[in-house]
Amino acid sequence: MHRVNEAVLMIFLLVMIGHNAVCQEEEEMEFIAEGSISSDESNASNINETRGIGYFKKYNINSISASELGELLLLTPLQIQQFILYRKSFGDFISLMELQAVPDWDPNTIRKILPVLTLASEQPLAPELRQRIKEGEHRALFRTGGQINGVPTDTDTLDHQYKQLASYRFNFRDLLLWGITIEKDAGEKKLADHYSFFTSISKRGMLKNLVLGDYTVSMGQGLVHWQGFALGRSSNMMSVYRQGALFRAHTGTDENRFCRGVAIQLQKNAFEVAAFISKKNLDANTMSDTAKGTRWVSAFLFSGLHRTNSELEDRKSLGQFTAGGNIRFNNRLGKSSLNFVHTGFDLPIKKRDLPYNRFSISGSNWQNASIDHAVSTRMGFMFAELAIDKHFQRAMVIGLVKSIDPKLDVCMLYRNMGIRYRSLASNVFSESQEAGNEKGFFFNLNYMPSPMHRFEIYCDRFQQDWPTFSTPGKRTGSIYSFQYAWRPNKKTEFYTRIQFQNRTFKIRMHASMTPLNGVVLRLRNEMIRISKSDGKMENGQLAFAELIFKPPLQPVSASIRCSFFETDGYATRIYAYERDLPSYHVVLPHHGTGTKAYVVLQYKMGKFMQVCGKWSIEKNKNDWRVQAIWQWGA
């Protein structure tokens, strides 16, 4: 009788959330993506590849790992730890409803993560290689797009003003993967301007992970080396803590921020050791002194664009060799790691003689090392990283995430990074998300007195003692954010967000409603005001209305949005997440005065193929994209 009641409850729950599952996941994507660009405008460009979102990937609740749970960016470290401990203590889950029994998992957490989980019995982790290949899943994708008008003709011809991407992926339960990506940007003349490939093998005896080809490396809390996705400053409780796989196959389209070579990770009981080696070329601005016969690099280039003659001259002009390792020990006192990275270049780095470049990385090589530790105690989940660079300059971060009550969560993070400390591939919680030249303290509080009401408050104070590219002298700053969300029922949600940052004031009002099954209506109005040092005011405003149509159990879906914006300049730009093709998401700045509209259409042609397209109109510019995805196999 108990199992019957449980089944009835499960069916009821699935019926209630079924038609909203994708919309819920997409809204979580929006909050994560928009929050991630609080300081770094390019940080959200690859979020879909990091989380596997876009074709609605499902994870088996009985085999999902702690690192995969962390990469979803939906759970706190304590919730992940309690999930793993519960599954280890009681065995495989027999129902998704059993998530309610996991300590520290509240209904709001379960609602957010349920759309990406599925229930299946655990299967052997190391079947024969032939069986893995036979039972794996294949996925091929082709995407192209461009502009109908508004194309500049002074440097490139209309013939090359289209983007193109082709990729193939093989996946056997995330234990055996391989793939290839071929891509070109608008304006590039080569059909395959960039290509990427990888092979990954996991969980075979002592072998935890082996990646050949292109991969990313993410260590510690981002002070030394972090190429994976990481949240920027936001009210998301997980924004302060970097977590994810140490090595991960590079499946995105970034043409510079990844490694190319081999990475291996071994595990024996509580002890892990890992090493990687990489050799590839980077885009860089090179300079030369013909009189002395010397050459050097003045700047790294990360746009990945190779359209004009100058961009083609800088393409892959700098050779880079990277090697490093990681030693980790897990016990009841937590996880402790020792990290090391060495990077060498075939040309020396020598930046322009300007104040903000005085302590920049220079020379033909660079090294960083760190110790990081994370542990759950009665005080909460605590983590820290202490790092040094080639010249023994220091940087550190210390954080705490605490669930004071099922209704109240707090987190704090203190960072102290010397003005001389530098790292080549850092991605740390800071004003610029680069390590060095900053001291600061961040505090975040999330309070949910009932499922209907949620309060999110955070404040961050920071100080930069040396000039930066945008600030000529010492800089101090603070940001305060308050957000209230009201969810009167499962089909309606309203939230208001107010932010103060030095002389900037922002307010956002957002509403999401589901008047009919499969129909979502979303409205937003956002305003910004900047008080300049000369007493003048600059204002900006953005409003949009969006209709999402996704009928239950139907192969077709659509999204239509119309936006209106008016700002006094680029300083008052307003960012807004846009729905797009599966596996492609954008967070664009709106500035000036204008109107923008777009429509996204998707259609599933049977079980194995999906086609979709997007058409957007803004001023005199019409953008279009079409995409096809084929999936076959297990």
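The values are calculated or read from the model by the stated rules, or taken from the named source; none is laboratory data. Because the structure is predicted, anything quoted here is derived from the model rather than measured. Cβ placement follows ideal geometry from the backbone for every residue including glycine, while neighbour counts extend to all protein chains displayed.
Restricting attention to the stretch 288-303 and to residues that are of a type outside the set (Gly, Ala, Ser), surrounded by fewer than 17 Cβ atoms within 10 Å (Cβ to Cβ) and more than 27 Å from Ala186 (Cα to Cα), the residue that is modelled with the highest pLDDT turns out to be Arg295.
For the stretch 391-442, a tally of residues being within 20 Å of Lys474 (Cα to Cα), surrounded by fewer than 19 Cβ atoms within 10 Å (Cβ to Cβ) and of a type in the set (Phe, Trp, Tyr) returns 2. Residues in the stretch 368-382 that are within 30 Å of Thr322 (Cβ to Cβ) and either hydroxyl-bearing (Ser, Thr, Tyr) or assigned to a loop (DSSP other than H, G, I, E, B) (or both): Ser370 only.
Only one of Ser563, Ser583 is assigned to a strand (DSSP E or B) and in contact (Cβ under 8 Å) with a residue 24 or more places away in the chain; which? Talk me through it step by step, then tell me what you get.
Details: Ser583 fails: assigned to a strand (DSSP E or B).
That would be Ser563, the only listed residue that is assigned to a strand (DSSP E or B) and in contact (Cβ under 8 Å) with a residue 24 or more places away in the chain.
For (1) more than 24 Å from the chain's Cα centre (by Cα); (2) under 26 Å from His510 (Cα atoms); (3) not assigned by TED's automatic domain parsing to the domain that holds Leu547, each residue gets a yes or a no:
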residue	(1), (2), (3)
Asp568	yes, yes, no
Asp580	no, yes, no
Gly606	yes, no, no
Ile617	yes, yes, no
Asn620	yes, no, no
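When you check Ala558 against the structure, is it among the aliphatic types (A, V, I, L, M) and either closer than 24 Å to Ser512 by Cβ or loosely packed, with under 15 Cβ neighbours inside 10 Å (or both), yes or no? So Ala558 fits the description; yes.
If you filter the stretch 304-315 down to residues that are crowded, with 16+ Cβ neighbours inside 10 Å and outside any helix (DSSP H, G or I), you find that the one that is modelled with the highest pLDDT is Arg315.
Pairs are defined by a Cβ separation below 6 Å, a sequence spacing of at least 6 or placement on different chains, a first member in the stretch 390-401 that is part of a strand (DSSP E or B), and a second member that is β-branched (Val, Ile, Thr); the pairs so defined are Arg394/Ile388; Gly399/Val240; Val401/Thr76.
Tell me, yes or no, whether the stretch 352-369 has at least one residue that is in contact with a strand residue (DSSP E or B) (Cβ under 9 Å, 6 or more places away or on another chain) and at pLDDT below 90.
yes
Let me confirm something: among Gly473, Gly477, Gly440, which residue is in contact with a Pro (Cβ under 7 Å, 6 or more places away or on another chain) and either over 28 Å from Gln320 (Cβ atoms) or not in a loop (DSSP other than H, G, I, E, B) (or both)? Before the answer, list the steps.
Values: Gly477 fails: in contact with a Pro (Cβ under 7 Å, 6 or more places away or on another chain); Gly440 fails: in contact with a Pro (Cβ under 7 Å, 6 or more places away or on another chain).
Testing whether each residue is in contact with a Pro (Cβ under 7 Å, 6 or more places away or on another chain) and either over 28 Å from Gln320 (Cβ atoms) or not in a loop (DSSP other than H, G, I, E, B) (or both) leaves just Gly473.
On the basis of being out of contact with any strand residue (DSSP E or B) (no Cβ under 8 Å at 6 or more places or on another chain) and closer than 19 Å to Ser196 by Cα, does Asp283 make the cut? It is false that Asp283 is out of contact with any strand residue (DSSP E or B) (no Cβ under 8 Å at 6 or more places or on another chain) and closer than 19 Å to Ser196 by Cα. Taking the criterion of being within 17 Å of Arg169 (Cα to Cα) and of a type outside the set (Val, Ile, Thr), the residues of the stretch 593-634 that qualify are Phe608, Met609, Gln610, Gln627, Ala628, Trp630, Gln631, Trp632, Gly633, Ala634.
Yes/no matrix, rows are residues, columns are (1) within 30 Å of Met448 (Cβ to Cβ); (2) surrounded by 17 or more Cβ atoms within 10 Å (Cβ to Cβ):
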| residue | (1), (2) |
| --- | --- |
| Phe197 | no, no |
| Leu231 | yes, yes |
| Met237 | yes, yes |
| Phe258 | no, yes |
| Ala270 | no, no |
| Lys279 | no, no |
